[in-house]
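The values are calculated or read from the model by the stated rules, or taken from the named source; none is laboratory data. Please read all numbers here as calculations on a predicted model, not as lab measurements. Because the Cβ atoms are built from the backbone with ideal geometry, glycine has one as well, and the counts that use them run over all protein chains shown. These area figures cover heavy atoms from the full protein model, side chains too; ligands, DNA and RNA do not enter into them. Shrake-Rupley method; radii C 1.70, N 1.55, O 1.52, S 1.80 Å.
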Amino acid sequence: MTKFKALGLDKPLLDAITDLGFEQPSEVQEKAIPILLEEETDLVALAQTGTGKTAAFGFPLIQKIDSQSRTTQGLILSPTRELCLQITNELKLYSKYIKGLNVVAIYGGASITEQARQIKKGAQIVVATPGRMKDMIGRGIINISKIDYCILDEADEMLNMGFYEDIKDILSDTPEEKSTWLFSATMPKEVSTIARKFMHHPQEITVGAKNSGVDTVQHEYYVVGGRDRYPALKRLSDANPGIFSVIFCRTKRDTQKVAEKLIEDGYNAGALHGDLSQNQRDLVMNAFRKKQIQMLVATDVAARGIDVDDITHVINYQLPDEIETYTHRSGRTGRAGKSGISMVIVTRSELRKIHAIEKKIKQAFVAKKIPTGMEICEIQLYHLASKIRNTEVNPDVADYLPAINDVFEGVDRDELIKKMVSVEFTRFFNYYNRAKDLNSTDHRDGGDRKTGSRDGSSNNGSVRYFINVGEKDNFDWMSLKDFLKDTLAVGKEDIYKVDVKDSFSFFNSDADLKERILATFTDFKVEGRFVNVEVSKNPESGGGRRSNDKGRRRSKDRGRGKRRDGKAFQSGGRRSGKKKSKRRDGFY
Ligand code: ADP
Ligand code: MG
């Protein structure tokens, strides 16, 4: 609290901050607030989503506004209706102890007369989307010729969405001598153009790395036959039980179709596209935000306003026509300091588009394979086992325990585990048991290309491992890779194809590291917990290497899960070696 005071904020704001429960300023607030309070200056502030930018401009703006005058003094432009409402609500909370201060939101898709009425009552601060703002200026409903402060919030996003011309027009209606504050997560060319053209010697503050976001996303592509897009999508989802994703389709029709099929197939999915009413879209977005929807199928236009930070996967069901659009799609994940994965389902004939995108984003794609049915079964089995393990016991169950015990009389522990897991697992197993390989096998390009520098560079084979830590332990593919690299004291290149699931993960190394890896993780504990590494039952997971051969072999050898050697699923670690084969028989 005293820290906020030290930034120069007055009592009404400090009281509101106390109510909000903010204990200390975030970095961008600490840097921006004193500058904006003390000087009349233009400012460019770069900070990731979720770093508290709203308060960084909101606090000084509120303090500088004359609440006794009814003139509009501050204009905030923001890319979407949702953000517009969010900012308005925040500013109202910040200014709750300042009498007479009105903050009004102006955005499309709602009654313009009602908004005009609110403006007429006198709004010192207007928060607007560029489109509706321009409209209202054009109709003479709003006057921004006397504003002192203009804030461009999420500037990169606004420009992404093609609002450059609107912003330019709006700014031309504002006085020359105002201050302009630009807030953005990244600083692409378009944003610096705005800064150069419309701002005067702006001061610049940066929180965290400039332009970050880029390398927090891993790009993957999966080559399938044109008719296998939908089953491929299902597998990608099934192979990632904790998935929270946006799936992009090219048309409204496909969007609706894919969403409907997913729902029919029992997934928590929803559609977002322009044929839905605003009300329907709001419902879908709310459900998505609450994670009641795990797979949001959307068109590019409709997905523009999505401001959800913890999206784990973006799936390109179809590639967009414009390469530029791909960067907007993939930018929906890997936000706010988290990492993410952008997957592309492509047919062979579209592979050249992948090359074009690589050039544009200056990042290589990883060529991956659609998981086989058995790989998915393995993942689902681990998932189910850890779900059971992590389930909180309902205390009321105790009353029924004697009766339940009677039912299980004579069934030993192993048997019981097998049965419990099979209740859910058999459904999956039956579905995938005879599932074919979906990977388009003979792509001339070869599966070896660009799967990171490891691929094709080694000829001693690759080993896939299972490790019993995952997202629940706060790992993502980047941090798990770092953890393995540090623990094993190997190079960054030695560990690859790191796939993090909710409570477990997979990774690969070259075969010569196998002994070292298994030895390191024997009786290995982190914070009192055993971290186990096993050789995965499905060493081909993740794809990439010599995929042509594998693909062929795989499609012939359908029932191989039954006979496969190697380590089977086991949650108890290597020490229970003896039980392995027995246990596996039960499942497969
Ligand atoms: P950004 O615009 O950078 O994405 P927001 O301004 O929307 O971030 O802030 C993200 C969240 O953090 C909001 O819920 C906001 O109320 C909260 N927040 C902002 N500043 C602080 C702070 N100093 N202490 C605690 N929470 C804060
Ligand atoms: Mg913001």
Scanning the range 406-428 for residues that are of a type outside the set (A, V, I, L, M, F, W, C) and open to solvent by 50 Å² or more (accessible area, probe 1.4 Å) gives Asp406, Glu409, Gly410, Asp412, Arg413, Glu415, Lys419, Glu424, Thr426, Arg427
Does Thr129 qualify as being surrounded by fewer than 17 Cβ atoms within 10 Å (Cβ to Cβ) and either touching a His at 6+ places or on another chain (Cβ under 9 Å) or of a type in the set (Ser, Thr, Tyr) (or both)?
-> no
Name, by its number, the condition in (1) within 14 Å of ligand 1 (Cβ to nearest atom); (2) open to solvent by 30 Å² or more (accessible area, probe 1.4 Å) that does not hold for Ala16.
-> (2)
Checked Thr41, Thr72 against criteria (β-branched (Val, Ile, Thr), more than 16 Å from ligand 2 (Cβ to nearest atom), over 17 Å from Leu182 (Cβ atoms) and open to solvent by 10 Å² or more (accessible area, probe 1.4 Å)); the one match is Thr72
Please work out if Glu264 is over 29 Å from Asn474 (Cβ atoms) and either modelled with pLDDT under 85 or open to solvent by 40 Å² or more (accessible area, probe 1.4 Å) (or both).
-> yes
Name the residue, out of Gly270, Gly274, Gly266, that is on the phi > 0 side of the Ramachandran plot and either more than 17 Å from the chain's Cα centre (by Cα) or not in a loop (DSSP other than H, G, I, E, B) (or both).
-> Gly266
Options Val127, Val103: the member that is within 16 Å of ligand 1 (Cβ to nearest atom), within 24 Å of Lys197 (Cα to Cα) and in contact with a helix residue (DSSP H, G or I) (Cβ under 8 Å, 6 or more places away or on another chain) = Val127
Could you check Glu177 against (1) surrounded by 15 or more Cβ atoms within 10 Å (Cβ to Cβ); (2) free of Cβ contacts under 8 Å to residues at least 40 places away in the same chain and say which number it fails?
-> (1)
Do we find that Thr51 is away from ligand 2 (no atom under 16 Å from the Cβ), polar (S, T, N, Q) and under 20 Å from Thr206 (Cα atoms) in this structure?
-> no
Filter result (in a loop (DSSP other than H, G, I, E, B) and hydroxyl-bearing (Ser, Thr, Tyr)) within the range 305-330 = Thr312, Tyr317
Can you tell which of Arg196, Arg229 is of a type outside the set (Ser, Thr, Tyr) and open to solvent by less than 60 Å² (accessible area, probe 1.4 Å)?
-> Arg229
